[in-house]
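Remarks on the structure that follows.
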Amino acid sequence: LEPFELEKPLTLQLGCVGSKSKINHGVNTRIHAAGRDVTTYLDIINIDHYDVILGTPFMAQNGVVLDFERREIRIGNMTLPCVSVGEERAMRAKRGKETHPQRLRDDWMYRIQDLTQPVPLELLPLRAINHKIPLIDENKTHRYHLPCCAEALKPQLLEKLQRYIQAGWWERKAVTEAAPLMCIPK
């Protein structure tokens, strides 16, 4: 196969792995299906659960008929039985792609557990600083209106403040001004 880059990427309009996926590459290839060799163009994309998706243009050009009543696929004079829902589930389970929602959720939560853990009660390891922030006027003071916290979120704010102070992340200090270091959702 010799894939090539498309001059104009196309937006993908299917369920896909990743958000806002684009089709950036294509390939001209031969497909052997139902005793026939066909040369066709395929978009190269990252999709979940499928190796190839053959669309309506391919089916129209090659005389493919999907018969839902008889649960079969006809290509020319060859007839292929469709896979039943139970058989498809068994094949996915055999390939390790179980689609049970709770199992999928548990797998996803396991993969992102480092992002969803509570804040540790110790400082993160210190690292060398490898950059500078040049200040134009070190004596300049910035004035702004102090932000307000909504009453409904004050318990969360106070809990977070206490946790950060206990962990040693923040210290109580009297200063002339300080920028807020916490984002609270609206």
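The values are calculated or read from the model by the stated rules, or taken from the named source; none is laboratory data. Model, not experiment: these values are computed from the prediction. When we count neighbours, we look across all protein chains shown, and the Cβ atoms used for this are built from the backbone with ideal geometry, even at glycine. The area values use the complete protein model at the heavy-atom level, side chains included, leaving out ligands, DNA and RNA. Shrake-Rupley method; radii C 1.70, N 1.55, O 1.52, S 1.80 Å.
Summary of values
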quantity	calculated
Segment Lys94-Leu12, length gained on full extension (0.36 nm per residue, minus Cα span)	26.7 nm
Phe58, Phe68, Phe4, reordered so the largest accessible area comes first (probe 1.4 Å)	Phe68, Phe4, Phe58
Full-extension gain in nm, Thr116 to Thr141, via 0.36 nm per residue minus C-alpha separation	5.3 nm
Contour minus Cα-Cα distance for Ile133 and Arg30 (0.36 nm per residue)	31.4 nm
For a label point 7 Å along the Cα-to-beta-carbon line of Met78, residues of the stretch 22-55 with backbone N under 19 Å	29-41, 51-55
Solvent-accessible area of His142 with every protein chain in place, 1.4 Å probe, in Å² to the nearest 10	110 Å²
